[in-house]
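> Sharing a structure here in structure tokens format.
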Amino acid sequence: AKGASTYTLRIFWHPRGVGSFTDWATFEKDFWAEFFLIDPAKSTALALCNREQYGQRKQTLDEYIDSFWALVEQVAYPNGLQLCLTFQDGLHPALMEHIDNLAEGCPDDEQVASWYKVAQDQWQLMEI
């Protein structure tokens, strides 16, 4: 909402006001550039790599996995080591420490589904 009000004020404070747009197509182009991502896949991929912006934090593990999976699907992120590292980086620190201390049953670093399963199993053990 803040962005919309700022955008509106910018237009109305312009010396020509709404007349600063020569036609509807010009307004629409400006509006899209202001409010819609030019490359949503790139922005999503960057969000996945920014731990400050994205991670489990106070979400349940299932919520984190669901949101992580949705973002991965948006950018068609390939399965493999980088995807697993990105998933690990967003896990709650106590859960990650628990997984790091496993003597056996460690997840496969090339298959994110393996990480989902091990994380869910360990999360349940931690909650008990």
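> Kindly indicate the residue of segment 65-88 that is under 22 Å from D39 (Cα atoms) and of a type in the set (V, I, T) and also modelled with the highest pLDDT among those meeting that condition.
T86
> A further question follows. Please identify the pairs in which a residue from segment 95-120 that is free of Cβ contacts under 8 Å to residues at least 40 places away in the same chain has its Cβ atom under 6 Å from the Cβ atom of a residue that is of a type outside the set (F, W, Y) and part of a loop (DSSP other than H, G, I, E, B), counting only partners at least 6 apart or on another chain.
Partner pairs satisfying both residue conditions: E110/G80; S114/P107; S114/D108; W115/P107; V118/P107.
> While we're here: Give all pairs with beta carbons closer than 6 Å in which a residue from segment 45-64 that is closer than 21 Å to M126 by Cβ and at pLDDT 70 or above meets a residue that is outside any helix (DSSP H, G or I) and open to solvent by 60 Å² or more (accessible area, probe 1.4 Å); count only pairs at least 6 apart in sequence or on separate chains.
The qualifying pairs are Q56/H92.
> Follow-up question, since we're still on this one. Here are the criteria: (1) modelled with pLDDT of 80 or more; (2) farther than 16 Å from Q120 by Cβ; (3) surrounded by 10 or more Cβ atoms within 10 Å (Cβ to Cβ); (4) not acidic (D, E). Tell me which single one L91 does not satisfy.
(2)
> Report every pair of residues separated by at least 6 positions or lying on different chains whose Cβ atoms are under 7 Å apart, first residue within segment 23-37 and farther than 14 Å from T6 by Cα and without any contact (Cβ under 8 Å) to a residue 40 or more places away in the chain, second in a helix (DSSP H, G or I) and hydroxyl-bearing (S, T, Y).
If the second residue must be in a helix (DSSP H, G or I) and hydroxyl-bearing (S, T, Y), the pairs left are L37/S43.
> From the list E104, E110, E97, E73, pick out the single residue that is closer than 25 Å to L46 by Cβ and more than 18 Å from the chain's Cα centre (by Cα).
It is E110.
> OK, next. Please find, among W32, W24, the residue that is more than 24 Å from the chain's Cα centre (by Cα), at pLDDT 70 or above and surrounded by fewer than 12 Cβ atoms within 10 Å (Cβ to Cβ).
W24
The values are calculated or read from the model by the stated rules, or taken from the named source; none is laboratory data. This one's a predicted model, so the numbers in the text were calculated from it and none came from an experiment. Heads up, the Cβs are rebuilt from the backbone with ideal geometry, glycines too, and the neighbour counts pull from every protein chain shown. Areas reflect the complete protein model, heavy atoms only, side chains present, ligands, DNA and RNA absent. Shrake-Rupley method; radii C 1.70, N 1.55, O 1.52, S 1.80 Å.
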